[in-house]
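Peer 1: If you scroll down you'll find the structure; I have some questions about it.
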Amino acid sequence: MSNEADPVLEAVAALRALGYTVVPDEDFERWQVDGGEWITLGDLLALALRLGLMDSTTTKLQ
């Protein structure tokens, strides 16, 4: 098992820490933030990056 942090879990935790409601679909492929439209995993990570919650140099999708 890898010691690297999961960027998805980091993004979700960071968004939730700021008070956002983040809900996955059944397959964890699409996400709903604050009851808005469903977004892709990439869009979720991009949101966290835009808000400065994650470092783009260490965020990697496996």
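Peer 1: I'd like the residue in segment 21-34 that is modelled with pLDDT of 95 or more and open to solvent by 50 Å² or more (accessible area, probe 1.4 Å) and, out of all such residues, is farthest from the chain's Cα centre (by Cα). Walk me through it before giving the result.
Peer 2: So the first thing to find is which residues in segment 21-34 are modelled with pLDDT of 95 or more, and the list is 21-26, 30-34.
If we keep only those that are open to solvent by 50 Å² or more (accessible area, probe 1.4 Å) too, we end up with 21, 23, 26, 30, 34.
Working: THR21: 11, VAL23: 10, GLU26: 15, ARG30: 10, ASP34: 13 Å.
The selected residue is GLU26.
Peer 1: Let me ask another. Can you work out which of the residues in segment 35-60 that are at pLDDT below 95 and hydroxyl-bearing (Ser, Thr, Tyr) is least open to solvent (accessible area, probe 1.4 Å)?
Peer 2: Checking each candidate, the answer is THR59.
The values are calculated or read from the model by the stated rules, or taken from the named source; none is laboratory data. These numbers were taken from a predicted model, which means no experiment stands behind them. Remember, those area values only see protein heavy atoms, side chains included, never the ligands or the DNA or RNA. Shrake-Rupley method; radii C 1.70, N 1.55, O 1.52, S 1.80 Å.
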